[in-house]
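In what follows, a single structure is set out as structure tokens and then discussed.
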Amino acid sequence: MSTVVLVGAQWGDEGKGKITDFLAEKADYIVRYQGGSNAGHTVVVGNEKFQLHLVPSGILYPDKVSVIGNGVALDPVILLKEIDDLSSRGIDVKNLKISSRAHIVMPYHKKLDSLQENGGRRIGTTRRGIGPLYADKISRTGFRVIDLLDKDLFPERLKAIVEEKNCILEKIYGSTAFVYEELLDEFRYYAERLRPMVTDTSLLVNQAIDAGKKVLFEGAQGTLLDIDHGTYPYVTSSHPVSGGACVGAGVGPTKINRVVGVVKAYTTRVGEGPFPTELFNETGDLIRQRGDEYGTTTGRPRRCGWLDAVILRYAARINGLTDIAITKLDVLDTFEKVKICTAYRYRGQIIREFPESLEVLRECEPIYIEMDGWQQDIAGITRFEDLPLKAREYVNKMVELCGVNHCLLAVGPGRSQTMVTRDVFAPA
Ligand code: GDP
Ligand code: IMO
Ligand code: MG
């Protein structure tokens, strides 16, 4: 059995796409288990850049099986566009499988997401309909892929739901209604395009695990965006944490071998909500510029700050991390001094564990250790031992502070800019 769950250890955009693509070379199955097109996973291969939202980041290996699990919020408009774009770029998507139990993002989900954002409630969402979709799933008024494929039941259910949604759109938001017949036509088309890819992916993945295949579960978003464990309400509406892989792919916890947390060498966040190490000065601007920190999905500038080890320890605990994959170390190349937050000061008290209360977090001031920067271009280095001493010291400090060893280090977006320090698919 050789299974790895890969999760974002911070607020998303840690470089999960790049690391998934890298690990996919050795994997047989790559499985997305939650989130939807709010995710933006970048994979760079040679001169080509791919920005994936719903298709797993293993897709660039056409012989591997890519799976969209039941926990994913599946937007057929975006998925089909992504498939068409990949095909037009010569990427074969014949091995893409879609769970019959995944929930379908409908146009009213996206509209409601935007209306809610424009109104009083500002989370800074991606407006991809994620909150309204998962709300419908939990309140048992959603459509699963299997429901969409049912030619008899779908029209009937859609009619009732559209009536209800139109009532909310018109009466509560003063917005325009959807026309049932138009939606039905549109979604009948999607159903037929998706149908050949749909299967019971839990069965497929479990059979693969039992057959000794290597399975990589690709998380979207990050630990602090988890609906239960993140900085609620400034979170997404799914479970990016490792436990989410079991529910969102239909595999038992006893089937998971390793959990890799992807950690950016500093911290970023998109959208609203407290962020203790955020920098509002030129250092923050320099990180944004050097790290090209602009949202893959929305193009928004990402908020930037120093690495926060309180968050890393929290992520290690919530996810049961066995390894960390460190990304974007090269972004810190030019800094004379680099800082890591080791604890917070709150009203004169020292806090070492990530607080539950957002009001406390808002007032937390980071306590930093300062280290010398390496001030050397490391983007071409391929072995950990060859990194400058100061860069190794920074990495070693990260490991010491979060208590989890590294398996990978990335020093650039390309495939070759990745150092392996432990084979996560190797038997324990
Ligand atoms: P994800 O959502 O976690 O997959 O991350 P994103 O793709 O949204 O953002 C990460 C960005 O950093 C992408 O543009 C990647 O190409 C880029 N990237 C990933 N790893 C590295 C790295 O080690 N160094 C640099 N400079 N860029 C990286
Ligand atoms: P990847 O997979 C970073 C953020 C949004 C917003 C909050 C809720 O690329 O790391 P949502 O649209 O999910 O309801 O928005 O979550 N967010 C992300 N931030 N990376 C992501 O995905 C994100 N997906 C959602 O900015 O603050
Ligand atoms: Mg992203």
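The numbers here are math on the coordinates, done by the rules we state, and not lab data. Just so it is clear, the model here is predicted, and its values are computed rather than measured. As a convention, Cβ positions derive from the backbone with ideal geometry for all residues, glycine included, and neighbour counts pool all protein chains shown.
Brief remarks follow.
- Among E393, E170, the order by Cβ neighbours within 10 angstrom, fewest to most, reads E170, E393.
- Built amide H within the under 5 Å cut-off of V259, gap 5+: V5, T322, D323
- Cα-centred dipole magnitude for the chain, charges only on beta-carbon of K, R (+1) and D, E (-1), debye, nearest 20: 400 debye
- Against the chain, whose longest principal axis is taken from its Cα atoms, helix 153-167 shows a tilt of about 70°.
- When the C-alpha to C-alpha distance is required to be over 24 Å, the pairs from K81/K213; K81/K214; K81/K111; K81/K159; K110/K328 that qualify are K81/K213; K81/K214; K81/K159; K110/K328.
- Its residue count N sets the reference 2.2 N^0.38 Å, and the alpha-carbon radius of gyration of the chain equals 0.98 times that reference.
- Cα long-axis angle, helix 201-210 against the chain (0 to 90 degrees, to the nearest 10): 50 degrees
- Computed from phi, the 3J(HN,Hα) profile of the stretch 389-405 under the Karplus parametrisation 6.51, -1.76, 1.60 (θ = phi - 60°) reads 3, 5, 5, 5, 5, 5, 5, 4, 5, 4, 4, 4, 6, 9, x, 10, 7 Hz, with x in place of Gly and Pro.
- The relative contact order of the stretch 103-196 comes to 25 percent, based on Cα pairs under 8 Å that sit 6 or more residues apart.
- Between 0 and 90°, nearest 10: helix 309-319 axis offset from the chain longest Cα axis: 50 degrees
- Note that the stretch 341-358 has calculated 3J(HN,Hα) couplings of 7, 10, 6, 10, 10, 10, 6, x, 9, 9, 10, 9, 9, 4, x, 7, 8, 5 Hz, one per residue in order, obtained from phi through the Karplus relation 6.51 cos²θ - 1.76 cosθ + 1.60 (θ = phi - 60°); glycine and proline are x.
- Oblate is the label for the stretch 176-239, because the ratio a/c of its alpha-carbon gyration tensor axes (a ≥ b ≥ c) is 1.5 or higher and a/b is not greater than b/c.
- Fewest-first sequence of S139, S57 by Cβ atoms within 10 Å of each Cβ: S139, S57
- For F280 and D85, the difference between the fully extended length at 0.36 nm per residue and the C-alpha to C-alpha distance is 66.4 nm.
- For R193, R415, R101, R140, order by how many other beta-carbon atoms lie within 10 Å, fewest first: R140, R193, R415, R101
- Contact order normalised by residue count of the chain, Cα under 8 Å, 6+ apart, percent: 20 percent
- Karplus (6.51, -1.76, 1.60) ³J(HN,Hα), θ = phi - 60°, over the stretch 96-105, in Hz, Gly and Pro reported as x: 8, 10, 10, 5, 5, 9, 5, 8, 8, 6
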